[in-house]
Amino acid sequence: MTAPIETTGAQAEVQPEAVLAGTKGQQIEGRSLGRIAWNRFKRDKVAVAGGVIVILLILVAALSRPIQSLLGLDPNAFHQDLIDASTSLPKGEWGGMSADHPLGVEPKFGRDILARILEGSWVSLVVAFGATVLSNVIGAVLGVVAGYYGGRVDAIISRLMDTFLAFPLLLFAIAISATLQGGAFGLDGLPLHICVLIFVIGFFNWPYLGRIVRGQTLALREREFVDASRGMGARGPYILFRELLPNLVGPIIVYSTLLIPTNIIFEASLSFLGVGIQPPQASWGGMLDQAKDYFQVDPQYMIVPGLAIFVTVLAFNLLGDGLRDALDPRSR
């Protein structure tokens, strides 16, 4: 029988050379999934640029009124002295651009375009974010319920999704918005228009997220942690909202960043068609509607709100693509 080999204290403290070379004397720290996703997101420079632009847009929208006060701007102030009475067009080049009006003034009334862009930014983002939250709440709840319970519950919710997806959403939104223009639910004016747009856009867009959540839930409900919760006596609601939904935060966030620009375009489309935000309140879609009569002689008035919509939508899409890649463990 071979005697055990005795090791001295110095030999016991010796670590493998590969470990020493790899750690370089530093303690190895574990990284959470959130930190891994953040590190991957930071490496995507295009997504980071989109995120920075999104943050700036949100700050500009939230501080639009203080910015207007600081710059001495009024979105509804007429400047008839800057309008050529014979043509109803702004005096000067590039739509009347000057130090006092950096983006020029609109034809006929002479209202400052920069002030109206700032004023319309918060309207677009409030409608887009509100509609997205409404879609996410309805879609996430019904999607996780359909995916977890299956059977008849899944069949009923799935047919409900198919029904909503079959609606001609744009025509339905036009009809509802036009019907409720006068006043409803104790609201009128701008608050009514914003609430109607949030409801119409958000309520009829939830099936898209609902299908995504349902598909993810079908895979998650067979995982070990769900079986463990059932074995410990957890009931359905606890498993749905404490076990399944937290694991669906990633897809929901990614879909939200892609849905927000879609809602911005939808709100602008309804305002362009005259059934969204009503004058004199500024909105990007409303500005495009007014600019269509002048785009041949004053293209500046159409370019500015068009660029505002383009940059906002592009920034959110870039951010959404970057988040999707960062939160997907299978991507490289």
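The values are calculated or read from the model by the stated rules, or taken from the named source; none is laboratory data. Predicted, not measured: the structure shown is a model, and the values here were computed from it. Neighbour counts are summed over all protein chains in view; Cβ atoms, including those assigned to glycine, are modelled from backbone coordinates with ideal geometry. Just so you know, the surface numbers come from the protein's heavy atoms only, side chains and all, with ligands and any DNA or RNA stripped out. Shrake-Rupley method; radii C 1.70, N 1.55, O 1.52, S 1.80 Å.
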Inspect region 153-161 for any residue being crowded, with 19+ Cβ neighbours inside 10 Å and polar (S, T, N, Q) and give the result as yes or no. no
Could you identify the single residue in Leu258, Leu270 that is at pLDDT below 90, within 20 Å of Arg116 (Cα to Cα) and surrounded by 16 or more Cβ atoms within 10 Å (Cβ to Cβ)? Leu270
Pick out the one residue from Ala228, Ala219, Ala234 that is closer than 28 Å to Thr132 by Cβ, open to solvent by less than 70 Å² (accessible area, probe 1.4 Å) and without any contact (Cβ under 8 Å) to a residue 60 or more places away in the chain. Ala219
Lone qualifier among Leu134, Leu114, Leu142 - being open to solvent by 20 Å² or more (accessible area, probe 1.4 Å), touching a His at 6+ places or on another chain (Cβ under 8 Å) and assigned to a helix (DSSP H, G or I): Leu114
For region 129-164 the number of residues that are closer than 10 Å to Gly210 by Cβ and of a type in the set (A, V, I, L, M, F, W, C) is 11
Check on Trp94, open to solvent by 20 Å² or more (accessible area, probe 1.4 Å), of a type in the set (Phe, Trp, Tyr) and at pLDDT below 90: yes
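Can you find a residue in region 121-128 that is surrounded by fewer than 16 Cβ atoms within 10 Å (Cβ to Cβ) and either in contact (Cβ under 8 Å) with a residue 40 or more places away in the chain or in a helix (DSSP H, G or I) (or both)? Full working, then the answer.
Initially, region 121-128 is screened for residues surrounded by fewer than 16 Cβ atoms within 10 Å (Cβ to Cβ), giving none.
No, there is no match, as no residue in region 121-128 is surrounded by fewer than 16 Cβ atoms within 10 Å (Cβ to Cβ) and either in contact (Cβ under 8 Å) with a residue 40 or more places away in the chain or in a helix (DSSP H, G or I) (or both).
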From the option list Ile176, Ile194, Ile201, single residue qualifying as under 21 Å from the mean Cα position of the chain (by Cα), surrounded by fewer than 22 Cβ atoms within 10 Å (Cβ to Cβ), of a type outside the set (Phe, Trp, Tyr) and assigned to a helix (DSSP H, G or I) is Ile194
If a residue must be surrounded by 12 or more Cβ atoms within 10 Å (Cβ to Cβ) and either of a type in the set (Val, Ile, Thr) or modelled with pLDDT of 80 or more (or both), how many such residues does region 179-191 contain? 1
Just the residues that are in contact with a Pro (Cβ under 6 Å, 6 or more places away or on another chain), open to solvent by 30 Å² or more (accessible area, probe 1.4 Å) and more than 13 Å from Gly95 (Cβ to Cβ), please, taken from region 283-316. Leu288
Just to be sure I understand, how many residues within region 59-82 are assigned to a helix (DSSP H, G or I), in contact with a helix residue (DSSP H, G or I) (Cβ under 9 Å, 6 or more places away or on another chain) and exposed (fewer than 15 other Cβ atoms within 10 Å of the Cβ)? 3
Answer with yes or no whether Leu319 is open to solvent by 40 Å² or more (accessible area, probe 1.4 Å) and under 13 Å from the mean Cα position of the chain (by Cα). no
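Take Gly250 and tell me if it is touching a Leu at 6+ places or on another chain (Cβ under 6 Å), small (Gly, Ala, Ser) and surrounded by 15 or more Cβ atoms within 10 Å (Cβ to Cβ). Full working, then the answer.
On the way: touching a Leu at 6+ places or on another chain (Cβ under 6 Å): yes; small (Gly, Ala, Ser): yes; surrounded by 15 or more Cβ atoms within 10 Å (Cβ to Cβ): yes.
Yes; evaluated as a whole, the condition is true for this residue.
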